[in-house]
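Chemist: Quick one: the structure is below, and I'll ask about it shortly.
The values are calculated or read from the model by the stated rules, or taken from the named source; none is laboratory data. Source: prediction; values computed, not measured. Every residue, glycine as well, gets a Cβ built from its backbone with ideal geometry; the counts of neighbours run over all protein chains shown. What goes into the accessible areas is simple: the full protein's heavy atoms, side chains included, and nothing from ligands, DNA or RNA. Shrake-Rupley method; radii C 1.70, N 1.55, O 1.52, S 1.80 Å.
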Amino acid sequence: MKFKKVMALGMAVLMTAGLAVGCGSKEEKTTVNENGEEVVTLKWVTIGSGMPDNYDSWIAKVNEYLEEKLAVNLEMEVIPWGNWDDRRNIIISTNEPYDIIFGASNNYTSDIQLGAYADITDLISENMKEFNELMPSMYWDSVRVDGKIYGVPTYKDSTLSNYAIWDKELVDKYDIDYKNLTDFDDLTPVFEELKAGENDYPVYLKNDGIYSIFDVYDQIGAEMQILGVRYDDPDGKVCFTLEEPDVFSALETFHEWYQKGIINPDASTLDEARVYNMWRIAQGWESAGKTSWGPQMGKEVVVNKLGDTILSNDTVRGSLNMVSTNSKYPEKCLQLLNLVNVDTTLRDMFYYGEEGVNFEYVDVDGETKVHKINEDWPMAGYTQGTFFTVTPVETDLEDQWSEIKELNENAVPSVMLGFNFDSSEVSDQLSNCREIWLRYKKEMMTGVNDPNKTVPELKEELMKAGFQDILNEAQKQVDEYLAGK
């Protein structure tokens, strides 16, 4: 785009001059809607499987709706999963123009420290009234940093529940006792049998691997998978998670699977995984097997819950949308996010896609439901807004939204719930250690490397970069927090 070329040439001058660079500054809009309001354009950057094939026709319908409701036009950039970290980091570090960006706990506080996001604390009550009525107030508390709010949490399965998902056809064919297979070691002989019988990879991964192994460790705002406090540890020991017995054992098993051809050999290089999986782990809820996981790969699946449902700062921060500190229209950004959450017509447009192309409304026993015309819609529904205003699909026999609410209400709170790590004293060490972990992460998480060799090598590098300083500072703050509870 011409604008991006101009920005690339002029960014240094603009930053030096201290000028605000935001999406709203890229062009002056003079369009007005039927109510005589000036229509402004907002850019929203999010994650998914890439840009929709029917983006132009979809966004035209969205903008027609938004012009009337909010005097807003919207531009979307949907970044593919595998490119997300790199692309998002470039956007933030180069001050590239946007108005709203998706994010999660692994970058929230560090981006705030960089000054990337607007403080929206005093704008929420006026611009998000309906959403405030919908969402529990404690979720706002979970995203506060130094008492201020910089992100709008997505009110959804805001606790963490992991499920093993199995292709039911294979479970029946091989008589797999899937409900009792909760340890990775126990899965190995089953996967060997599936490998031999199906001539395929039972564990098909992309480059982030089986990252659920870290979910029992609260990352305490340090934003590194390799540092955390176990959610149920009353002593609050800050761990190098790779050395914890459960994580290290899992890494050993992944390496064994890789060597045996259970994991696809190109896993560490794949940005996107294939659609079909004999088995995988996903965060969600049980009925998602019928409404989402199964239909996505065109198979009937069975699922089995793994471990507790956990509530933590990280689980609430697992899906956030932030307003750029350089946006000219922060109020409009919040009004848009409010509408996406509470207006079912707009919510369905984001969640299901274009009416008549990706989905259509049908009547089921006097109730309006959604029939999916296809499974092509690439935007990730959990990133956009609440689940509780989405129109159910026609096959929904269970009330899955009530199921999610029940999981939220009965979750086990992390011992570190409400704690925010102040990393200001070790910010350089954290930045260096994050970069080191990223260099090792793909091959370690996909089983390529032997953890018995690689974990010590990684630890040595981390210690030289100041990892012990981070551990000491984090432990000091955690001890003070727990002592004051």
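Chemist: What FRET efficiency do you get for E38 and D146 if R0 is 25 Å and r is their Cβ-Cβ distance, rounded to the nearest 0.05?
Modeler: 0.10
Chemist: Express the carbon and sulfur contribution to the solvent-accessible surface of the chain as a percent, rounded to the nearest whole number, probe 1.4 angstrom.
Modeler: Here it works out to 47 percent.
Chemist: Now for a separate question. In Å, the Kirkwood hydrodynamic radius of the stretch 176-219 over pairs of distinct alpha carbons?
Modeler: Across the stretch 176-219, the inverse of the average 1/r is 12.3 Å.
Chemist: With runs of 4+ DSSP H residues as the only contributors, calculate the mean residue ellipticity of the chain at 222 nm using -39,500 (n - 2.57) per run, divided by the residue total and rounded to the nearest 500.
Modeler: Mean residue ellipticity, 222 nm, calculated: -11500 deg cm²/dmol.
Chemist: Can you bin the stretch 354-432 into rounded, prolate or oblate? Criterion: square roots of the alpha carbon gyration tensor eigenvalues sorted a ≥ b ≥ c, rounded for a/c under 1.5, prolate for a/b above b/c, oblate for the rest.
Modeler: Oblate, because a/c is 1.5 or more while a/b does not exceed b/c.
Chemist: Give the residue from V72, S57, I90 lying farthest towards the positive end of the charge dipole for the chain; charges sit on Cβ (+1 for Lys and Arg, -1 for Asp and Glu) and the dipole is referred to the Cα centre.
Modeler: I90
Chemist: Once fully extended, how much extra length lies between T94 and K305, figured as 0.36 nm per residue of separation less the alpha-carbon to alpha-carbon distance?
Modeler: Net length gain for the segment: 71.8 nm.
Chemist: Still on this model: Over all distinct Cα pairs, what is the inverse of the mean 1/r for the stretch 167-297, reported as the Kirkwood hydrodynamic radius in Å?
Modeler: One over the average 1/r among Cα pairs gives 16.3 Å for the stretch 167-297.
Chemist: Now, a different point. Picking from T121, Y178, Y108, whose Cα lies most toward the positive end of the charge dipole for the stretch 98-207 (charges on Cβ: Lys, Arg +1; Asp, Glu -1)?
Modeler: The residue sitting most towards the positive pole is T121.
Chemist: Rounded to the nearest 0.05, what FRET efficiency is calculated for D235 and T368 with R0 set to 30 Å and r the Cβ-Cβ distance?
Modeler: 0.05
Chemist: In nm, give the distance between the simple-model label positions of L114 and E75, each being 7 Å from the Cα along the Cα-to-Cβ direction.
Modeler: Computed distance between label sites L114 and E75 equals 2.0 nm.
Chemist: When ligands, DNA and RNA are left out and all protein chains stay put, how many square angstrom of accessible area per residue does the chain have with a 1.4 Å probe?
Modeler: On a per-residue basis, 44 Å².
Chemist: With only Lys, Arg, Asp and Glu charged, each at its Cβ (+1 for the first two, -1 for the last two), find how big the charge dipole of the chain is about the Cα centre; round to the nearest 20 debye.
Modeler: 1260
Chemist: I'd like the antiparallel share, as a percent to the nearest 5, of DSSP beta bridges with both residues in the chain.
Modeler: Rounded to the nearest five, the antiparallel share is 70 percent.
Chemist: Another question, if that's okay. Out of residues 5 or more away from K43 or on other chains, whose amide H comes under 5 Å of its own, with H placed 1.01 Å from N in the peptide plane?
Modeler: Hits under the 5 Å cutoff: E75, D99, I100.
Chemist: For the stretch 403-412, in order, what is each residue's ³J(HN,Hα) by Karplus, 6.51 cos²θ - 1.76 cosθ + 1.60 with θ = phi - 60°, in whole Hz (x at glycine and Pro)?
Modeler: The phi angles translate into 4, 5, 4, 5, 4, 4, 6, 9, 5, 8 Hz.
Chemist: Then there is this: What length, rounded to one decimal in nm, is gained on full extension from D266 through to T395, with 0.36 nm per residue of separation minus their alpha-carbon distance?
Modeler: 42.9 nm
Chemist: Between S137 and S424, what FRET efficiency comes out of the Förster formula 1/(1 + (r/R0)^6) with R0 = 22 Å and r the beta carbon distance, rounded to 0.05?
Modeler: 0.20
Chemist: Something else now. I'd like the projected area of the stretch 295-425, averaged over all directions, using the convex hull of its alpha carbons. Report it in nm² with one decimal.
Modeler: Averaged projected area of the stretch 295-425's Cα convex hull equals 11.9 nm².
Chemist: Of the listed peptides 453-465, 275-287, what is their order by residue-averaged count of other C-beta atoms within 10 Å, with the highest listed first?
Modeler: Descending mean neighbour count gives 275-287, 453-465.
Chemist: Provide the per-residue ³J(HN,Hα) series for the stretch 62-71, in order, calculated from phi with Karplus coefficients 6.51, -1.76, 1.60 and θ = phi - 60°, each as a whole number of Hz, with x at glycine and proline positions.
Modeler: Calculated HN-Hα couplings, in order: 4, 5, 4, 5, 6, 4, 5, 7, 10, 6 Hz.
Chemist: Sticking with this one: State the Kirkwood hydrodynamic radius of the chain in Å, one decimal place, computed from all pairs of distinct Cα atoms.
Modeler: For the chain, inverting the mean 1/r across all distinct Cα pairs yields 23.9 Å.
Chemist: What's the ranking of 362-369, 313-320, 163-170, 196-203 by average number of surrounding C-beta atoms within 10 Å, highest first?
Modeler: Order by mean packing, descending: 313-320, 163-170, 196-203, 362-369.
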